[in-house]
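The values are calculated or read from the model by the stated rules, or taken from the named source; none is laboratory data. For clarity, every value in this text was computed on a predicted model and none was experimentally measured. Virtual Cβ from ideal backbone geometry, glycine too; neighbours counted across all protein chains shown. Just the protein is used for accessible areas: all its heavy atoms, side chains included, with ligands, DNA and RNA removed. Shrake-Rupley method; radii C 1.70, N 1.55, O 1.52, S 1.80 Å.
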Amino acid sequence: MKQTITDINIDNKRVLLRCDFNVPIKNGNVIDNTKIVKSLETINYLITHNAKIIILSHLGRVKTEEDKRTNSLYIIKPILENLLNKKISFASDILSPDTKQMALNLQPGEILLLENTRFLDVPNKLESKLNEEIAQKIAELGEVYIFDAFAVAHRSHTSVVGIPRFLPNAIGFLVAKEVAMLNNLVINPEHPFTVLMGGAKVDDKLPIIESLLPICDHLLLSGGIANSFLNALGLSTGASLKTNDPEIINKLKELMLKYKTKFAFPLDATIERTYDEKPLIKATNNIEADDIIKDIGPKTITKYTNIINNSATIFVNGTMGVYEENEFKNGTIEIFNALKNAKKTTVIGGGDTISALNNLGFKDVFANISSGGGATLEYIAKKSLPGLDAISEEDTVEVLDL
Ligand code: ADP
Ligand code: MG
């Protein structure tokens, strides 16, 4: 077990807290503050314990000087101040002597927010290419390191795996809950356990599919993933998105042979067909050469709903169809409705899948949402992550029978 924030002494200490404040921004405004709200439990615990809090986070993609203009973490300052109902300070350069002075001057319960860690990437990739020297410099700002940014736990970045090498460290409440949820509900689930895999590319999802197949009772497929499996079986998928990699196609065949009884395939699809030069959208089980499968059809929705209703636990990753387009979001909506009505233990993960939940009217409907995209999938597949491996193990107290 990893050391958690409650296992180590943080009272009156300068605590470097790695958060995930990578919020969506549109026209210069934060349009969803869920990630900041999720960080509050750890921040409030640190405040209550009189820690001097120094927060680090990444935000957006920062590759050029130009990117810095639109990705300053300063945008988080007023939001955090509002949520905590207290003033916080901001340092615009993580490595400057002034910032070090600000950190050293912090009083118990005060917060210093540092600029976007990814600014260190311009021009020398000092964040995203693990740099021990920089990690040590940042570590000097604090006395303890707390990791609470699950969504970047699969990244071997300086602020994720570098800093904890130089300080006593632990995971925060958000990461602890996330790991416990994935361990208890997905890796050791109550059966019947159903996995619903949708989305675009089978290549990305193969490791998680391979690790879930031995555990699950049913694997329901949709999207480009289903197309790839159907194509490997020799069935027609028209001009739909699927893998062309012969090695992967062979792997898919192997898996279908080995776990034959677990697979559930779509019975029909909502397709886009060019007819008299106009696009025609219809549900069918007869796929022609130029057809593009863009969603599951009504028969598939009924079939998958029945399996969901007879499951104890369901894990969902990937959307059923191209939910970004109005004509093809129905399958995803209907499956989310089925999950909502079934009231079974449901764990949902994946970047696009969570955005689909929020955009299609299912925000706050499900209790077990995994905040990591790639990190969630990698944890389920490998049962470890670089950001977790970097944190010390809890001291185990041996009870001696004297
Ligand atoms: P996540 O990011 O949650 O892991 P994915 O990226 O795998 O999920 O899945 C969502 C993406 O899959 C969406 O962009 C959606 O348009 C795409 N998708 C779903 N079904 C299809 C399909 N039939 N053809 C092409 N793209 C699809
Ligand atoms: Mg995605």
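Just the residues that are without any contact (Cβ under 8 Å) to a residue 60 or more places away in the chain and open to solvent by 10 Å² or more (accessible area, probe 1.4 Å), please, taken from the stretch 130-156.
Going residue by residue through the stretch 130-156, those that are without any contact (Cβ under 8 Å) to a residue 60 or more places away in the chain are 130-137, 140.
Scanning the stretch 130-156 gives LEU130, ASN131, GLU132, GLU133, ILE134, GLN136, LYS137, GLU140.
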| note | Here the qualifying pairs (Cβ atoms under 6 Å; residues six or more apart or on different chains; first in the stretch 315-326 and within 14 Å of ligand 2 (Cβ to nearest atom); second acidic (Asp, Glu)) come out as GLY321/ASP295
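Examine the stretch 26-34 for a residue that is among the acidic types (Asp, Glu), surrounded by fewer than 18 Cβ atoms within 10 Å (Cβ to Cβ) and closer than 21 Å to HIS157 by Cβ, and state whether such a residue exists. Outline the logic, then answer.
First, pick out the residues of the stretch 26-34 that are among the acidic types (Asp, Glu): 32.
Cutting the leftovers down to surrounded by fewer than 18 Cβ atoms within 10 Å (Cβ to Cβ) gives us 32.
Within this subset, residues satisfying the condition of being closer than 21 Å to HIS157 by Cβ are none.
Scanning the stretch 26-34, I find no residue that is among the acidic types (Asp, Glu), surrounded by fewer than 18 Cβ atoms within 10 Å (Cβ to Cβ) and closer than 21 Å to HIS157 by Cβ, so the answer is no.
Have a look at THR270, THR261, THR237, THR274 and point out the one that is touching a Gly at 6+ places or on another chain (Cβ under 6 Å) and among the polar types (S, T, N, Q). Steps first, answer last, please.
Working: THR261 fails: touching a Gly at 6+ places or on another chain (Cβ under 6 Å); THR237 fails: touching a Gly at 6+ places or on another chain (Cβ under 6 Å); THR274 fails: touching a Gly at 6+ places or on another chain (Cβ under 6 Å).
Selected residue: THR270, the only one of THR270, THR261, THR237, THR274 that is touching a Gly at 6+ places or on another chain (Cβ under 6 Å) and among the polar types (S, T, N, Q).
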| request: From the list ILE10, ILE55, ILE43, pick out the single residue that is assigned to a strand (DSSP E or B) and either open to solvent by 30 Å² or more (accessible area, probe 1.4 Å) or of a type in the set (Val, Ile, Thr) (or both). | output: ILE55
| field | LEU241 being surrounded by 15 or more Cβ atoms within 10 Å (Cβ to Cβ), within 16 Å of ligand 2 (Cβ to nearest atom) and not in a helix (DSSP H, G or I) | value | yes
| Hey, ILE271 of a type in the set (A, V, I, L, M), within 14 Å of ligand 1 (Cβ to nearest atom) and part of a helix (DSSP H, G or I) or not | no
| request: Collect the residues in the stretch 288-302 that are more than 28 Å from the chain's Cα centre (by Cα) and under 28 Å from GLU190 (Cβ atoms), keeping them in residue-number order. | output: THR302
| query | Using beta carbons and a limit of 7 Å, which pairs, at least six apart or on different chains, have the first residue in the stretch 67-89 and closer than 17 Å to PRO24 by Cβ and open to solvent by less than 30 Å² (accessible area, probe 1.4 Å) and the second one modelled with pLDDT of 95 or more and assigned to a helix (DSSP H, G or I)? | reply | ILE76/ILE36; LEU80/ILE36
| task | Go through the residues of the stretch 221-228 one by one and say whether even a single one is more than 30 Å from the chain's Cα centre (by Cα) and of a type in the set (Val, Ile, Thr). | result | no
| Top-ranked residue of the stretch 325-354 - restricted to ones that are modelled with pLDDT of 95 or more and acidic (Asp, Glu), ranked as most open to solvent (accessible area, probe 1.4 Å) | GLU327
| Any idea how many residues of the stretch 6-32 are out of contact with any Lys or Arg (no Cβ under 8 Å at 6 or more places or on another chain) and closer than 17 Å to PHE166 by Cα? | 6
| task | Find all pairs meeting these conditions: Cβ atoms under 9 angstrom apart; at least six residues apart or on different chains; first residue within the stretch 206-227 and free of Cβ contacts under 8 Å to residues at least 40 places away in the same chain and within 18 Å of MET320 (Cα to Cα); second residue open to solvent by 20 Å² or more (accessible area, probe 1.4 Å) and part of a loop (DSSP other than H, G, I, E, B). | result | GLY224/ALA200; GLY224/LYS201; GLY224/LEU241; GLY224/LYS242
| message | Among the residues in the stretch 170-189, are any acidic (Asp, Glu), modelled with pLDDT under 95 and either more than 16 Å from ligand 1 (Cβ to nearest atom) or in contact with a Ser or Thr (Cβ under 9 Å, 6 or more places away or on another chain) (or both)? | response | no
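Table: residues versus (1) within 16 Å of ligand 2 (Cβ to nearest atom); (2) aromatic (Phe, Trp, Tyr); (3) within 25 Å of THR376 (Cβ to Cβ).
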residue: ILE209; (1), (2), (3): yes, no, yes
residue: GLY223; (1), (2), (3): yes, no, yes
residue: LEU235; (1), (2), (3): no, no, no
residue: LEU255; (1), (2), (3): no, no, yes
residue: TYR259; (1), (2), (3): no, yes, yes
residue: ALA264; (1), (2), (3): no, no, yes
residue: LEU267; (1), (2), (3): no, no, no
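May I ask you to verify whether LEU385 is open to solvent by 10 Å² or more (accessible area, probe 1.4 Å) and either touching a Phe, Trp or Tyr at 6+ places or on another chain (Cβ under 9 Å) or within 13 Å of ligand 2 (Cβ to nearest atom) (or both)?
Details: open to solvent by 10 Å² or more (accessible area, probe 1.4 Å): no; either touching a Phe, Trp or Tyr at 6+ places or on another chain (Cβ under 9 Å) or within 13 Å of ligand 2 (Cβ to nearest atom) (or both): yes.
No; evaluated as a whole, the condition is false for this residue.
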| query | Out of all the residues in the stretch 86-121, which are under 25 Å from ARG69 (Cβ atoms) and touching a Gly at 6+ places or on another chain (Cβ under 9 Å)? | reply | ASN116, ARG118
| Test: residue in the stretch 109-129 that is surrounded by fewer than 21 Cβ atoms within 10 Å (Cβ to Cβ) and more than 22 Å from SER72 (Cα to Cα) | yes
| said: Condition first: in contact (Cβ under 8 Å) with a residue 60 or more places away in the chain, surrounded by fewer than 24 Cβ atoms within 10 Å (Cβ to Cβ), over 19 Å from GLY372 (Cβ atoms) and more than 16 Å from the chain's Cα centre (by Cα). Can you find one or more residues in the stretch 181-189 that meet it? | reply: no
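May I ask you to verify whether LYS260 is of a type in the set (Lys, Arg), open to solvent by 40 Å² or more (accessible area, probe 1.4 Å) and farther than 30 Å from ALA375 by Cβ? Before you say what the answer is, go through the steps one by one.
Numbers: of a type in the set (Lys, Arg): yes; open to solvent by 40 Å² or more (accessible area, probe 1.4 Å): yes; farther than 30 Å from ALA375 by Cβ: yes.
In short, yes.
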| remark: Within the stretch 195-220, of all residues that are more than 20 Å from the chain's Cα centre (by Cα) and more than 14 Å from ligand 1 (Cβ to nearest atom), the one nearest to SER240 (Cα to Cα) is LEU219
